[in-house]
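The values are calculated or read from the model by the stated rules, or taken from the named source; none is laboratory data. Bear in mind that the values here come from a model prediction, so they are computed numbers and not experimental data. All Cβ positions, glycine included, derive from the backbone under ideal geometry; neighbour counts span all protein chains shown. The accessibility values were calculated without ligands, DNA or RNA, using every heavy atom of the protein model including side chains. Shrake-Rupley method; radii C 1.70, N 1.55, O 1.52, S 1.80 Å.
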Amino acid sequence: MDFDLSEEHVAVQEASRDFAQNDLLPGVITRDNEQKFDPALIKKMGELGFLGMMVKPEYGGGGMDTLSYVIAMEEISKVDASASVIMSVNNSLVCWGLQIYGNEDQKQKYLVPLATGSVIGAFCLSEPEAGSDATSQHTTAIDAGDHYLLNGTKNWITNGNSSSICLVIAHTHPEKGHKGINAFIVEKGTEGFVVGKKEDKMGIRASDTHTLMFTDVKVSRENRIGDDGFGFKFAMSTLNGGRIGIAAQALGIASGAFELSLKYAQERKTFGKPISEHQAIQFKLSEMATRIEAARLLVYKAARLKDQGKDYIKAAAMAKLYASDVAMWVTTEAVQIHGGYGYVKEYHVERHMRDAKITQIYEGTSEIQKLVIARELLK
């Protein structure tokens, strides 16, 4: 086992770190306060290749491996988790799903602009009554010959308003259960497609999260992904890879909070010496660093397995479960180390604490990860 990063991976790490520090950091507090993400930053993410990292070059992507992706996700998440969730959805859920399961026409029409960042995408699975229970889709897609009629509501959709292309999961044959579900490519602006309210969230506030509503939306048969009834398998397979991205996001949030805490502990003085010289603070820093390193190894292992074409379902679930718990714990400790300063926005760690919580919830709650892990263990 080689734990050293290759020259290519180090280059990705340095490039993503530079972008995070030079472009994302200056306005991160303002974006969080105003709940808006600057479109110019999304454009630059696309120009730098962060929105289609794993897409093949012939479709406009960087042709990089999963490890490169998680390295970039960690560095960007250290500074701005709202930026990294935009990146995660576009890479892990939308681009990857289209590249693996889309046909050539779909890739040329939709994957290329998504990979280059000229547009961004959204993944529409969750509903008011179908979150963790993804089989209970109430959104329907009735077969009308050369097209489908899409009706329903999707909740908690990241990039809900800023996206141009949505992958929508819907039931075509409810009587068949999960085998009657399909996945569709739906373009923003299609008649009957309405963007609903924007959620006022605790964390990742700069990323737009909306309800999307579909009323007799005509979707061409050509925009169905895979064979009839393939939608549930498409969604679950895509989410398995997406968990690696969110695990990397959680890792980055934890790492960012730790780095701020380490710096603060060396500068802040009490009783005539830096608080880093107090054993109580040293113990906190030691455990934070250890848990982060353990999470990083889990995330890297899942990424390596995916890159090697091996079964990574259990590894991805373990990485997301543990890294998200680490993110929540480390950010809480970071606020504690900062004391009163940790409770104000200027010092960033309170935002990291708010951002960390969602990593235990979206793309499969921690409880769902435990079910996935148990299922894999008991095969």
Collect the residues in segment 1-16 that are without any contact (Cβ under 8 Å) to a residue 60 or more places away in the chain and charged (D, E, K, R), keeping them in residue-number order. Asp2, Asp4, Glu7, Glu14
Right, Ala248: within 18 Å of the chain's Cα centre (by Cα) and of a type in the set (A, V, I, L, M) or not? yes
Given the structure, is Glu8 over 21 Å from Asp208 (Cα atoms), open to solvent by 60 Å² or more (accessible area, probe 1.4 Å), out of contact with any helix residue (DSSP H, G or I) (no Cβ under 8 Å at 6 or more places or on another chain) and not in a loop (DSSP other than H, G, I, E, B)? no
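On the given criteria, is Ala206 open to solvent by less than 20 Å² (accessible area, probe 1.4 Å), closer than 18 Å to Thr238 by Cα and either touching a residue at least 24 places away in the same chain (Cβ under 8 Å) or of a type in the set (Val, Ile, Thr) (or both)?
no
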Please verify whether segment 183-200 includes one or more residues that are out of contact with any Pro (no Cβ under 9 Å at 6 or more places or on another chain), within 27 Å of His352 (Cβ to Cβ) and open to solvent by less than 20 Å² (accessible area, probe 1.4 Å). no
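Quick grid of which residues meet (1) without any contact (Cβ under 8 Å) to a residue 24 or more places away in the chain; (2) touching a strand residue (DSSP E or B) at 6+ places or on another chain (Cβ under 9 Å); (3) of a type outside the set (Val, Ile, Thr):
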| site | (1), (2), (3) |
| --- | --- |
| Lys56 | no, no, yes |
| Gly60 | no, no, yes |
| Val70 | no, no, no |
| Ser82 | no, no, yes |
| Ser88 | no, yes, yes |
| Asn91 | no, no, yes |
| Ile100 | no, no, no |
| Asp105 | no, no, yes |
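Residue-by-condition table, conditions (1) under 20 Å from Gly245 (Cα atoms); (2) touching a Phe, Trp or Tyr at 6+ places or on another chain (Cβ under 7 Å):
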{"residue": "Met1", "(1), (2)": "no, no"}
{"residue": "Asp4", "(1), (2)": "no, no"}
{"residue": "Arg31", "(1), (2)": "no, yes"}
{"residue": "Glu34", "(1), (2)": "no, no"}
{"residue": "Val55", "(1), (2)": "yes, no"}
{"residue": "Ser68", "(1), (2)": "yes, no"}
{"residue": "Val85", "(1), (2)": "yes, no"}
Considering only segment 306-315, I want to know if a residue exists there that is within 27 Å of Gly102 (Cβ to Cβ), in contact with a Ser or Thr (Cβ under 9 Å, 6 or more places away or on another chain) and among the small types (Gly, Ala, Ser). no
The number of residues in segment 323-379 that are farther than 30 Å from Gly27 by Cα and in a helix (DSSP H, G or I) is 12
Residue check: is Thr215 open to solvent by 20 Å² or more (accessible area, probe 1.4 Å), in contact (Cβ under 8 Å) with a residue 24 or more places away in the chain, among the hydroxyl-bearing types (Ser, Thr, Tyr) and farther than 23 Å from Gln35 by Cβ? yes
Among the listed residues Asn90, Asn22, which satisfies the condition of being open to solvent by 10 Å² or more (accessible area, probe 1.4 Å) and among the polar types (S, T, N, Q)? Asn22
Condition (residue is closer than 19 Å to Met202 by Cα and either in a helix (DSSP H, G or I) or of a type in the set (Phe, Trp, Tyr) (or both)) applied to segment 274-294: is it met by at least one residue? no
Residues (buried (at least 24 other Cβ atoms within 10 Å of the Cβ) and either closer than 18 Å to His338 by Cβ or of a type in the set (Ser, Thr, Tyr) (or both)) located in segment 243-287: Ile253, Ala254, Ser255, Gly256, Ala257, Phe258, Ser261
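Yes or no, residue by residue, for (1) charged (D, E, K, R); (2) open to solvent by less than 50 Å² (accessible area, probe 1.4 Å); (3) modelled with pLDDT under 95; (4) in contact with a Gly (Cβ under 8 Å, 6 or more places away or on another chain):
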site	(1), (2), (3), (4)
Gly117	no, yes, yes, yes
Ala130	no, yes, yes, no
Ala134	no, yes, yes, no
Ile169	no, yes, no, yes
Thr172	no, yes, no, yes
